[in-house]
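Here's the structure, in structure tokens; my notes come after.
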Amino acid sequence: MSEESTHVITDKCADECYAACVDVCPVDCILPVPFPNEPFKKKPFMIIDPETCINCGLCLPECPIDAIVSSPEENPEAAKLNRDLVPDATEWQKQHGNWPTRPPNDPPHRPDNKLR
Ligand code: SF4
């Protein structure tokens, strides 16, 4: 699947990682990785591998803070970050597995995120 037609995880996910999206993805293309940039450097984050995503849309309604968008055009910067982090995320998952999931009603860690 090309980058032009994949879902994307935005930086709203950084330091949140409810990870509910992981359970519904039919092709296991949502990968854990420490966020690379301040102010959330090394905090839990997830990315979507654009080469594997089949754009089914199942993940989008699962995120309780709306951190997923349905196309790269909605957030080109995040789309680039998702793509760039695929090698690191693949390696990180091999070594550590996935982040633990959080209940969808768990209050967000970040004051700028709100439950839907
Ligand atoms: Fe996985 Fe579908 Fe979401 Fe792509 S759109 S990340 S295939 S659940």
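So, N37, is that one away from the ligand (no atom under 16 Å from the Cβ) and in contact with a helix residue (DSSP H, G or I) (Cβ under 9 Å, 6 or more places away or on another chain) or not?
So N37 fits the description; yes.
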Test: residue in region 56-67 that is more than 22 Å from T101 (Cα to Cα) and more than 13 Å from the chain's Cα centre (by Cα): no
Residues satisfying the stated conditions in region 3-29, i.e. in a loop (DSSP other than H, G, I, E, B) and either of a type in the set (D, E, K, R) or at negative phi (or both): T6, H7, T10, A14, D15, E16, Y18, C25, P26, V27, D28, C29
Only listed residue being closer than 22 Å to P26 by Cβ and either among the acidic types (D, E) or at pLDDT 95 or above (or both), chosen from D49, D112, D106, D84: D49
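Okay, residues lined up against (1) surrounded by 16 or more Cβ atoms within 10 Å (Cβ to Cβ); (2) in a loop (DSSP other than H, G, I, E, B); (3) among the hydroxyl-bearing types (S, T, Y):
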position: L31; (1), (2), (3): yes, no, no
position: E38; (1), (2), (3): no, yes, no
position: I47; (1), (2), (3): yes, no, no
position: T52; (1), (2), (3): no, yes, yes
position: L58; (1), (2), (3): no, yes, no
position: P64; (1), (2), (3): yes, yes, no
position: A79; (1), (2), (3): yes, no, no
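The values are calculated or read from the model by the stated rules, or taken from the named source; none is laboratory data. Please read all numbers here as calculations on a predicted model, not as lab measurements. Neighbour counts are summed over all protein chains in view; Cβ atoms, including those assigned to glycine, are modelled from backbone coordinates with ideal geometry.
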